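The values are calculated or read from the model by the stated rules, or taken from the named source; none is laboratory data. Bear in mind that the values here come from a model prediction, so they are computed numbers and not experimental data. All Cβ positions, glycine included, derive from the backbone under ideal geometry; neighbour counts span all protein chains shown.
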Amino acid sequence: MGESLFQKLWVSTPSSTRASDGLGPLFNARSCESCHPKAGRGRPPVEDERPVSIFLRLSVAPSTPEERALIESGKVPFLPEPTYGSQLQNFGVPGVPGEGEIKITYEEIKVDLSEGEVAYLRKPTYTIENLAYGPMSDHALVSARVAPPMIGLGLLEAIAETDITSQADPEDADQDGISGRVSWVDPNDSDTRTVGRFGWKALKASVQSQSAGAFTGDLGLSTPYDLRNYGDCTEAQTVCFEQAHGEQADLGISEAPDPVLDLVVFYSQNLAVPARRDVNDPRVLAGKKVFHEAGCASCHTPKYVTSRTAENPVHQFQLIWPYTDLLLHDLGQGLSDDRPTGSASGNEWKTPPLWGIGLTENINNHRFFLHDGRARGLLEAVLWHGGEAEAAKTRVVEMPAKDRANLIRFLETL
Ligand code: HEC
Ligand code: HEC
């Protein structure tokens, strides 16, 4: 049931299918699956396609002492853009214009590798065209994100908090050039901080809060967790509030009433991780050695044993291989979105899990990686690493070509 709700195409209100309405007024897609195809990875548009599984997060930099204090208190992770809210929705229900169109242009950057090999990276620039609700703030900050794959999320949730916090080294006390900071979040404004694990900047502590955020922000549907029937519409977008909403008292509170969110969360927590392939191939074993020697494992922590007290018994005490420390790292200006949120600076990103990454093409028929899908393959993804990962990247650039190829072979078996 969770899967069918994940795939369900929601419709606008009023509609004859009362249990499926409530979409919008503003939205990015009509189903979770549109962005997480086959529960896999989204991608940037190719050529003249309309973007679907990528969107822009929006905010404004704090400009008054009060706003700065609010951000520093950790009570709110960022300040939404006053007119467009916290995300650019490019679609609206009939009568409500979409907010604008994301436009991406790329600039090619040549990278010289050892033994005369060459790679090309493409650096994206994001602009917004056809703004439908007037100009955006001069202080607007934007960050492009593609949808990450949905596998193993319940297992990541079951990693004991201390196993994450013990890896943090915010001041780089061991002087290995790699710090690693916990993304602390206070999801319920309760003065109890928990470790953020989900999203490219680890801004969400649970699959539930990330999924509820998706219902509101991406689909424009309220849930008992977030009761805003008008989704991410701001007061400036008065046309939103002239629309009928999809909440119906006889079906329950909110447009997606209980147990819709719970079922989708259950589904999202229980998608298995694929088994590795070709583990004993000598070239793969050589690549694994290169992965460790180059220092990749300093952030892409290979394995954990999940907590014995995890909520769901099937997630308890499991040996798992996600290849992430779930910490924030400064990966340099090249990958920066210059948009601080929560604990994360513009340069910082959460180390993404690498499990299943070798099957991206099989599942989703593409090879676009990193938070905005700019990398066209695994080697490009590695070559974008800078900041704390500069030394690891340089080793990859300078190592014998054979080692580089084996490193990629190893990643393809994850
Ligand atoms: C318009 C595209 C879009 C839609 C629709 C969408 N997502 Fe996502 N999803 C994303 C993006 C982009 C991220 C990364 C968010 C970030 O970094 O801020 C994400 C992240 C997630 C994550 C965290 C995964 C991780 O490994 O960190 C979960 C869980 C998730 N989405 C669930 C859902 C559910 C459930 C729905 C439907 C209610 C949904 N998403 C609909 C684009 C989408
Ligand atoms: C300092 C920490 C750090 C080190 C060291 C590091 N990485 Fe990463 N890695 C990250 C972060 C953070 C990202 C996400 C960056 C982004 O999306 O902008 C990432 C992304 C990736 C991705 C793309 C993942 C995806 O889902 O799109 C791959 C592949 C990867 N790293 C492989 C490697 C390899 C191979 C090495 C060693 C040569 C390495 N990394 C070293 C932190 C690190």
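Miscellaneous remarks
Conditions tested, residue by residue: (1) over 23 Å from the mean Cα position of the chain (by Cα); (2) aliphatic (A, V, I, L, M); (3) part of a loop (DSSP other than H, G, I, E, B); (4) at pLDDT below 95.
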site: Tyr126; (1), (2), (3), (4): no, no, no, no
site: Ala132; (1), (2), (3), (4): yes, yes, yes, no
site: Pro135; (1), (2), (3), (4): yes, no, yes, no
site: Met150; (1), (2), (3), (4): no, yes, yes, no
site: Gln175; (1), (2), (3), (4): yes, no, yes, yes
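- Tyr323 satisfies every condition listed in (1) over 15 Å from the mean Cα position of the chain (by Cα); (2) touching a residue at least 60 places away in the same chain (Cβ under 8 Å); (3) within 24 Å of Ile102 (Cα to Cα); (4) assigned to a loop (DSSP other than H, G, I, E, B) except (3).
- Cβ-Cβ under 7 Å pairs, at least 6 apart or on other chains, the range 198-224 side touching a residue at least 24 places away in the same chain (Cβ under 8 Å) and more than 16 Å from ligand 2 (Cβ to nearest atom), far side of a type in the set (Val, Ile, Thr) and not in a helix (DSSP H, G or I): Ala212/Thr223; Phe215/Thr223; Pro224/Ile253
- Contact map, the range 59-70: residues that are under 12 Å from Ser137 (Cα atoms) paired with residues that are in a helix (DSSP H, G or I) and modelled with pLDDT of 90 or more, Cβ distance under 9 Å, separation 6+ or inter-chain. Pairs shown: Val60/Glu67; Ala61/Glu67.
- Scanning the range 307-338 for residues that are more than 16 Å from ligand 1 (Cβ to nearest atom), in contact with a Leu (Cβ under 9 Å, 6 or more places away or on another chain) and not aliphatic (A, V, I, L, M) returns Gln318, Gly334.
- The set of residues from the range 325-343 being at pLDDT 95 or above and under 21 Å from Thr301 (Cβ atoms) comprises Asp325, Leu326, Leu327, Leu328, His329, Asp330, Leu331, Gly332, Leu335.
- Subset of the range 39-56 [within 16 Å of ligand 2 (Cβ to nearest atom) and of a type outside the set (D, E, K, R)]: Ala39, Gly40, Gly42, Pro44, Ser53, Ile54, Phe55, Leu56
- Taking (1) in contact with a strand residue (DSSP E or B) (Cβ under 6 Å, 6 or more places away or on another chain); (2) under 20 Å from Arg197 (Cα atoms) in turn, Ala375 satisfies each apart from (2).
- So Ile159, is it at pLDDT 95 or above, out of contact with any helix residue (DSSP H, G or I) (no Cβ under 9 Å at 6 or more places or on another chain) and in a strand (DSSP E or B): no
- If you go through the range 47-86 and keep only what is more than 23 Å from Ser183 (Cβ to Cβ) and part of a helix (DSSP H, G or I), you end up with Pro65, Glu66.
- Set Asp138, Asp169: member being free of Cβ contacts under 8 Å to residues at least 12 places away in the same chain and either among the aromatic types (Phe, Trp, Tyr) or closer than 28 Å to Arg374 by Cα (or both): Asp138
- When residues of the range 125-182 are limited to those that are away from ligand 2 (no atom under 16 Å from the Cβ) and under 30 Å from Leu359 (Cβ atoms), the one surrounded by the fewest Cβ atoms within 10 Å (Cβ to Cβ): Glu161
- Restricting Leu261, Leu227 to residues that are away from ligand 1 (no atom under 12 Å from the Cβ) and touching a residue at least 12 places away in the same chain (Cβ under 8 Å) narrows the list to Leu227.
- Residue that is assigned to a loop (DSSP other than H, G, I, E, B), surrounded by 20 or more Cβ atoms within 10 Å (Cβ to Cβ) and among the charged types (D, E, K, R), where the choices are Glu311, Glu235, Glu247, Glu255: Glu255
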